[in-house]
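First up is the structure itself, then whatever we jot down about it.
The values are calculated or read from the model by the stated rules, or taken from the named source; none is laboratory data. Since the model is a prediction, treat every value here as computed from it, not as a measurement. Here the Cβ is made from the backbone with ideal geometry for all residues, glycine too, and neighbour counts use every protein chain on show. Quick note on the areas: whole protein, heavy atoms, side chains included, nothing else; ligands and nucleic acids left out. Shrake-Rupley method; radii C 1.70, N 1.55, O 1.52, S 1.80 Å.
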Amino acid sequence: MTFTSHMDRALDEARKAGARGEVPVGAVLVGADGAVLAAAGNRTRELHDPTAHAEILVIRAACAAAGSERLPGAALYVTLEPCAMCAAAIANARIARLVYGADDPKSGGVAHGARVFAHPQCHHLPEIHDGIAGTEAAALLRDFFAGRRTGRDPTR
């Protein structure tokens, strides 16, 4: 079996989210067979939904398509370390592998902050790979927020 990274597609989803005025985070969920099950970027502002993070959107779409609340064997590629809410959803969906780009020292829930997978109440621990395309993912976020602070963002 050949490993294929889907981080480029996740970065594309993040760029699209940023262009919509959303925080530029993108996610791609891949099945055990390597087929893309869902791809999305953040849509919290557009949907007026604080839970519409990229990770939640792809998990919802893939679970609906599978007709199941669990996605065994699936891999989630996301441009930013998932927050505690998203990490809990990853565990509940029994996603096998989590691959993320940039660390999130402020709001992360995997390696920082809540560290959801380290809690004994967490019933599933995915295989975790961090730092994949992390420099590019961090640059997207840095540029997005710098633009908002300096007023260069027309969606502000």
Calculated [θ] (222 nm, deg cm²/dmol) that DSSP helices of n ≥ 4 give over the chain, each run adding -39,500 (n - 2.57): -11000 deg cm²/dmol
For the chain, what is the accessible area per residue in Å² when the probe is 1.4 Å? 51
Can you compute the charge dipole magnitude of segment 10-156 about its Cα centre, using +1 on each Lys and Arg Cβ and -1 on each Asp and Glu Cβ, nothing else charged? Give it in debye, rounded to the nearest 20. 400
Calculate how steeply helix 7-19 sits against the longest principal axis of the alpha-carbon atoms of the chain, using the helix alpha-carbon long axis, and give the answer as 0 to 90 degrees to the nearest 10. 40
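With all protein chains present, how much of the accessible area of the chain (probe radius 1.4 Å) comes from carbon and sulfur, to the nearest whole percent?
For the chain, the apolar C and S fraction of the accessible surface comes to 54 percent.
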Express the relative contact order of the chain as a whole percentage, based on alpha carbon pairs under 8 Å and six or more residues apart in sequence. 19
Simple spin-label estimate for Ala114 and Ala61 in nanometres, 7 Å along Cα-Cβ: 2.3
To the nearest 10 square angstrom, how much accessible area does Thr135 have with a 1.4 angstrom probe? 120
What net charge is computed for the residues neighbouring Ala17, neighbours being all others with C-beta under 11 Å from the C-beta of Ala17, Lys and Arg scored +1, Asp and Glu -1? +1
Between Val36 and Arg94, 0.36 nm times their residue separation minus their Cα-Cα distance comes to what? 19.2 nm
Quick check: from the Cα gyration tensor, does segment 68-156 come out rounded (a/c under 1.5), prolate or oblate? prolate
Classify segment 1-114 from the C-alpha gyration tensor, please: rounded if a/c falls under 1.5, else prolate or oblate depending on whether a/b exceeds b/c. rounded
Between Thr51 and Arg20, what's the calculated FRET efficiency when r is the beta-carbon distance and R0 is 22 Å? Round to 0.05. 0.80
